[in-house]
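These notes are about the structure you will find just below.
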Amino acid sequence: MHVVVDIRLRPWGHQHRKMNVNADKVDKARAEERKNKGLETEVYCKSLYWPERGAFFSLPINCMGLGSGTCSSCNTVKDHNEKYNFTVNSSKTSFVYKETEYSVHDYIYVSPHRFATERVGHETFKGGRNVGLKAFAICQLLEIVVPKAPKQPDNSSTEVKVRRFYRPEDISDAKAYCSDIREVYYSEVTHTLLVEAIEGRCEVRKKSDLPSCDAPTIYEHMFFCECLYDPHKGSLKQLPPNIKLRFSSAKGASDSLRKNKGKCIKGENDLGAEKSKENCLATLDIFAGCGGLSEGLQQSGTKSNGQWERGRT
């Protein structure tokens, strides 16, 4: 069955909003009239919906390929698939997923929903859009399990064995309240997950190996671990000396950290602070209770130390 689709261009911008609303009313009345007369439904396209961005955009008329025998959407999908091509090296010690290389012993972010069954019913939230949101789980890649031949490895069939690092909020609300947001706990708990559960890379160090910069913003996806957590006993103790936190195989920032052993050159410190100050907002703290809002904004880099005045209204 062939359907005639009318491509309609509509101007974008607040100044055209009233005209577009009136045009939609005319279309709706015309559609109702054709329905009452028993005529075919007219189909038209006036905007592009982008699911990944959750928004509507103007139609890409120049690359839609109308009447040319080519499909720009097919070419876009092909380019996307080639860009995010999944490959595993011959030794099965590393793979490339979404243009990022992961190797055995690397630290990774994993979707929190893979561990959603833990501590169910313990959360307490105030009303708002953040209800039920969880931070990524942090794991260490231990092994890559590829499907047996002749099946080709892909992200939906290749599995990874990971070690779970627990966040303070995974243990108790009280622990989460008094702990550093960068702190995680080592465990002997392992899981086998599909590669598609991986959300990105991160780093786990001992606290003494973290950069000592005083810049208020955390620029790196970096965490520290000093304790061992046993989820079966609920016990938390100092990390034994025989457990070594291995450095990631990634080249770049981690290499410089490894050489400097967590120390930060004064010039680099000042540079990071200056970058933060450039993004600071001109704000006034009238009153914020115990100061939690002020401290949070300061640590996030939204404000600097000298910008705020405190007082009561």
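Taken together, the values in this text are just the output of simple stated rules run on the coordinates, not laboratory data. Since this is a predicted model, take the numbers as computed values, not measurements. Every residue, glycine among them, receives a Cβ derived from its backbone with ideal geometry; neighbour counts consider all protein chains shown.
Key figures
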{"read-out": "Counted charge near Pro241, where neighbours are those whose Cβ lies closer than 13 Å (Asp, Glu -1; Lys, Arg +1)", "value": "+2"}
{"read-out": "Two-site label geometry, Arg30 and Ser157: point separation in nm, points 7 Å out along Cα→Cβ", "value": "5.0"}
{"read-out": "Residues with amide H under 5 Å from that of Phe224, placed H, sequence gap 5 or more", "value": "Glu183, Val184, Arg205"}
{"read-out": "Mean Cβ neighbour count within 10 Å, used as a protection proxy, ranking 170-176, 221-227, 143-149 highest first", "value": "221-227, 170-176, 143-149"}
{"read-out": "Loop-located chymotrypsin sites (Phe, Trp or Tyr not before Pro) in the stretch 1-107 whose Cβ has at most 15 other Cβ within 10 Å (DSSP)", "value": "Trp12, Tyr84"}
{"read-out": "Positive-end residue, the stretch 14-93 charge dipole about Cα centroid, Cβ charges, pick of Met19, Ala55, Ser73", "value": "Met19"}
{"read-out": "Gained length - Ser90 relative to Arg10, 0.36 nm times residue gap less alpha-carbon distance", "value": "23.5 nm"}
{"read-out": "Nitroxide proxy distance, nm - points 7 Å out along Cα→Cβ at Lys206 and Cys71", "value": "5.7"}
